[in-house]
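What follows is a set of notes on a single structure, which appears directly below.
Each reported figure results from applying straightforward, stated rules to the coordinates on display, with no laboratory input. The model shown is predicted, which means the values in this text are computed figures rather than measured ones. Every residue, glycine as well, gets a Cβ built from its backbone with ideal geometry; the counts of neighbours run over all protein chains shown.
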Amino acid sequence: MSIQLYNTLTRKKEAFKPIEEGKVRFYVCGPTVYNYIHIGNARSTVAFDTIRRYLEFRGYEVNYVSNFTDVDDKIIKAAKEENLTPVEVADKYIEAFTQDTRAINVKPATIHPRVMDNIPEIVSFVQSLVDQDFAYESEGDVYFRTNKFETYGQLSDQSIQDLLVGASERVDETLAQRKEDPLDFALWKATKADDEINWPSPWGAGRPGWHIECSVMATKYLGNTLDIHGGGQDLQFPHHENEIAQSESHTHEVFANYWLHNGFVTMGSDEEKMSKSLGNFVLLRDILKEVEPMVVRFLLGTVHYRRPLKYDCNALQDAQANVDKIREVLRKLSYRAQDAITIENELTETQEWFDKIAGHKAAFIKAMDDDFNAANGITTVLDLVKTSNQYLEKATVNQTVLDALTELLTQLLDIFGLDLSENQLLDQDIQDLIDERKKARLAKDFARSDEIRDQLKGQGIILDDTPQGTQWKRVK
């Protein structure tokens, strides 16, 4: 069975067929780097990181490009407020983005291109559109003629007439006078102040418009046609609509075969959409001061990417409970290796467990092949946890089954970016106390045994006496 994905452009699920066998050209719109990223930005980043990881799990070589918008009005404003240059602001928040996303185990893109590094290519791209009469210069600005692109509005499923009404309400009178049509959008913006960051161009000093950068960098690093273009639902119009228009007018080829858009994050009991304009956003780095990174990653990555993600305390508590459950079974699988048998003296029963493990893997693939349904995918992971716990209750366990359970569980968790292994070694003093407690229990010195248990609990080490021996876990 092939991967089925929901294509925003056609508004239906389609079988995924890459341009080049075994390879995926994947572009995702990255952040505008004028501030720290909030949980909504992180949701999009995690959603597409998970999709990328799953494509790699399915054997594809993924060329994953995600840009940094480092030239923008918001960056210029932030530079003045922070008494920095626009370049310094961009550098500061790119480094912060890298730190924050690394904390929740997001893989770096194959390349993270920056607008400032691609100005000559942007100027050339705009000039091509002017030469083909798809764009025109007006008072140093350059605008794209949307009425020349026949399918404009197809991605957002809006008619030109509806878009015209909306555009006429948004555009101020001064700007409207520069345009031939209210729907026309800026490819190049003339410099308005002497201290404003700018570059030379055939139309005078200025800087790129927002939409042009992604078209230029996507085609530069991935070719004229992409397999997948992703981003948040808020980018569907006008950003992605404009990308299609200018890219296909420039190359006369399909810009992207599949368009994927992730849902919004909602806040609180009234499930209001999170946004900076509403002032109800929460910065990722602030959350990470209070919540374990893998709990945040679990919350962000295990809801279907197209559905809204509800962010509140209950959602975080549920994520914490599931992370604890998975981490506990990994710990037990590792612990039972101490008394596992290594000979195949229970071949029939062992094969039954291997069949169960294979069934979980097949169920996971079926779930994720259906438009990367992470909610159903994580359900199969939790089913695998249940099966693992059932096996661990056996008096005698086989090392090959333990290894198979651990391997699959680790493999599937990696697709969700969840690193739940505990490789920390116990401090020698703590290990000595555990050993002393074992001796005290054998000597029936239960007072000392309880004293050591309480002492370790105070240090965040919880002991669990099982038929297979004393197990331990760290807690916060």
Exercise for review: Let me know the volume per residue of the alpha-carbon convex hull for region 1-129, in Å³.
Suggested key: 148
Exercise for review: Taking every pair of Cα atoms in region 30-106, average 1/r, invert it to obtain the Kirkwood radius, and report Rg/Rh to two decimals.
Suggested key: 1.07
Review point. If you average 1/r over all unlike Cα pairs in region 62-182 and invert the result, what Kirkwood radius do you get in angstrom?
Key: 17.8
Point to revise | Debye intensity ratio I(q)/I(0), log10, region 388-461, q values 0.19, 0.24 Å⁻¹ (C-alpha model) | key: -0.93, -0.97
Point to revise | Viscosity 1.306 mPa s, 10 °C: Kirkwood-radius Stokes-Einstein D of region 305-345 over Cα pairs, µm²/s | key: 120
Practice item. Please give, to one decimal in nm, the separation of the simple spin-label points placed at A315 and D162, each 7 Å out from Cα toward the Cβ. Key: 2.7
Revision key, fill the gap. Diffing region 115-126: the Karplus 3J(HN,Hα) column from phi (6.51, -1.76, 1.60, θ = phi - 60°), in whole Hz with x for Gly and Pro, holds 4, 4, 8, 10, 4, x, 5, 5, 4, 5, 4, 5
Revision key, fill the gap. Residue span Y136 to E56: 0.36 nm per residue of separation minus Cα-Cα distance leaves a gain in nm of 24.5 nm
Study note, to complete from the structure: Taking region 305-402, the whole-percent share of alpha-carbon pairs separated by over 18 angstrom is 57
Review point. When the Kirkwood radius is taken over all Cα pairs of region 345-476, what Stokes-Einstein diffusion coefficient follows at 20 °C and 1.002 mPa s, in µm²/s?
Key: 123
Point to revise | region 283-322: Rg to Rh, with Rh as the Kirkwood radius over Cα pairs | key: 0.94
Practice item. Mind giving me the nanometre distance, one decimal, between the label points for F354 and Q154, set 7 Å out from Cα along Cα→Cβ? Key: 5.1
Exercise for review: Provide the net charge surrounding R448, with neighbours chosen by a C-beta distance below 14 Å and charges set as Lys +1, Arg +1, Asp -1, Glu -1.
Suggested key: -1
Revision key, fill the gap. Each label sits 7 Å from Cα toward the beta-carbon; between F237 and K325 the label points are separated, in nm, by 4.1
Practice item. Could you calculate the contour length gain from Q4 to L84, that is, 0.36 nm times the residue separation minus the distance between their Cα atoms, to one decimal place in nm? Key: 24.1 nm
Practice item. Over every pair of different alpha-carbon atoms in region 351-410, take the mean of 1/r and invert it; report that Kirkwood radius in Å. Key: 11.8
Exercise for review: Over all alpha-carbon pairs in region 187-237, figure out the percentage whose distance exceeds 18 Å.
Suggested key: 48
Revision key, fill the gap. What one gets for the chain as the Kirkwood radius, inverse of mean 1/r over different Cα pairs in Å, is 25.4
Exercise for review: Using 0.36 nm per residue of separation minus the Cα-Cα distance, give me the extension gain between Q99 and H252 in nm, one decimal.
Suggested key: 51.2 nm
Check your understanding: To the nearest 10 degrees, how steeply does helix 428-442 sit against the main Cα axis of the chain, on a 0 to 90 scale?
Key -> 30
Point to revise | Estimated [θ] at 222 nm from DSSP helical runs (n ≥ 4, -39500 (n - 2.57)) normalised by residues in the chain, nearest 500 | key: -15500 deg cm²/dmol
**Study point:** With 5 Å bins from 0: P(r) over region 1-45, alpha-carbon pairs, percent
**Key:** 5, 15, 15, 19, 17, 13, 11, 4, 0
Point to revise | More than 16 angstrom apart: percent of Cα pairs within region 129-235 | key: 67
